[in-house]
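Reviewing the structure listed below.
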Amino acid sequence: MSNATFRALVLEQEGGEVRCALREVERSALPEGEVLIKVAYSSVNYKDGLALHVPGRIVRRYPMVPGIDLAGVVEESTAPDVRPGDPVIVTGWGIGERHWGGYAQYARVKAEWVVPLPQGLDLKQAMAIGTAGFTAMLCVMALEEHGVVPGEREVVVTGAAGGVGSIAVALLAQLGYRVVASTGRPELHDYLRFLGAQRILDRRVLATPSGKALDSEQWAGAVDTVGGETLAGLLRSVAYGGSVAACGLAGGSELTTTVFPFILRGVNLLGIDSVYCPRERREQAWQRLARDLPLDKLEAMTHVVSLEEAVAVGRDILQGKVRGRVVVDVN
Ligand code: NDP
């Protein structure tokens, strides 16, 4: 590999201050790994917003290239099952947190982190999906495995206009569920209906404590990206035998609840993690995304920004101002 330089966003620590700067970096500075990838696209997730703007929360080692997602083409590989020229996706495993991530024109990663780009998706679509969409699919798979199938009773998605939420709404609607979108943004009701929501719920409804241990049974299941009082509200109102796939904390990390949803209604609280999700399930989820996510809806929920612009988007996502998904074109 020549030691040409490439462009990267770099988080640097200087005298106790963390700064983010666009740098020309030598390829020899890349971390260890069997696979060198020429990155085409990354994306902006909630966690990227935290990495960029909340020092010490996600990134603790500097210099660090943020970006928890990347998609690109393998340029060099010493692993037998990953070949130069392969289009690939890498999400999670600590990239953009502890290992240099996707906000750069090159990345070097472990071969076991690499997922082949599934047939039917291009690199840009893969990053329009990104960790957010992958997580939405893991939530849907978990609900399915716990018997939440399309039927009369509604499923609800919280934080619906965000990245995970938008893709969860589109996926569930495509699969035939009756989807309710819980959102705090009235101006996005039409957008959520376009994605497939049959009904919209003001997010204050679920987030307001009722003072009771159980509320009336409403939902067959739920995808929750918000946490806090919202998750507590979901647990009180999921119908007998239903499940909540909990993946997020956009509204808070605390959970105050009682055992009654579990012991009187057999409700399941399903924890969803995308970062260390095992490889086989990862590939399964990406295959399902390629099959089940309508690409016209994916396109409508996505916009593309440059590396420089990703920094400002990171701030917006922490303030709940981003609609759907943001792809970063690193070139
Ligand atoms: P986004 O910012 O795109 O979406 C979050 C949405 O949550 C917002 O759009 C908003 O939806 C809602 N929201 C924001 N702030 C509040 C608040 N204070 N109270 C109630 N609702 C709020 O982020 P992502 O979709 O990228 O991520 C969503 C969550 O999922 C994050 O907490 C993230 O950390 C987590 N996550 C977890 C993963 C895992 O592996 N477990 C992987 C990926 C994400 P609206 O405007 O519709 O109300």
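The values are calculated or read from the model by the stated rules, or taken from the named source; none is laboratory data. Owing to the predicted nature of the structure, the values given are computational and were not obtained by experimental measurement. When we count neighbours, we look across all protein chains shown, and the Cβ atoms used for this are built from the backbone with ideal geometry, even at glycine.
Brief remarks on what is shown
- A Cβ distance below 7 Å, combined with a sequence gap of six or more or placement on separate chains, defines the contacts here; from segment 271-284, residues that are in contact (Cβ under 8 Å) with a residue 24 or more places away in the chain reach residues that are of a type in the set (Gly, Ala, Ser) and part of a helix (DSSP H, G or I) in the pairs Ile272/Ala142.
- Pairs with Cβ under 7 Å, 6+ apart, first in segment 1-16 and at pLDDT below 95, second not aromatic (Phe, Trp, Tyr): Met1/Arg27; Met1/Leu36; Met1/Glu76; Asn3/Glu26; Asn3/Arg27; Asn3/Ser28; Ala4/Arg27
- Within segment 48-64, the presence of at least one residue that is under 23 Å from Val313 (Cβ atoms), more than 16 Å from the ligand (Cβ to nearest atom) and in a strand (DSSP E or B) is confirmed.
- Scanning segment 201-233 for residues being in contact (Cβ under 8 Å) with a residue 24 or more places away in the chain and away from the ligand (no atom under 12 Å from the Cβ) gives a total of 12.
- All helices (runs of 4 or more DSSP H) inside segment 124-230 with 3 or more residues being aliphatic (A, V, I, L, M): 163-174, 203-207
- Residue within segment 292-302 that is under 15 Å from Ser42 (Cα atoms) and within 16 Å of the ligand (Cβ to nearest atom) present: yes
- Flag for Arg315 being among the basic types (Lys, Arg), in contact (Cβ under 8 Å) with a residue 60 or more places away in the chain and over 23 Å from Val90 (Cα atoms): yes
- Taken together, the criteria exclude Val140 from residues that are under 19 Å from the mean Cα position of the chain (by Cα), within 18 Å of Arg279 (Cβ to Cβ) and not small (Gly, Ala, Ser).
- The one condition from (1) in contact with a helix residue (DSSP H, G or I) (Cβ under 9 Å, 6 or more places away or on another chain); (2) farther than 22 Å from Glu145 by Cα that Thr225 does not meet is (2).
- Residue within segment 167-178 that is more than 16 Å from the chain's Cα centre (by Cα), surrounded by fewer than 21 Cβ atoms within 10 Å (Cβ to Cβ) and either within 11 Å of the ligand (Cβ to nearest atom) or touching a residue at least 60 places away in the same chain (Cβ under 8 Å) (or both) present: yes
- Of the residues making up segment 250-275, those that are among the charged types (D, E, K, R) and under 30 Å from Gly96 (Cβ atoms) are Glu254, Asp273.
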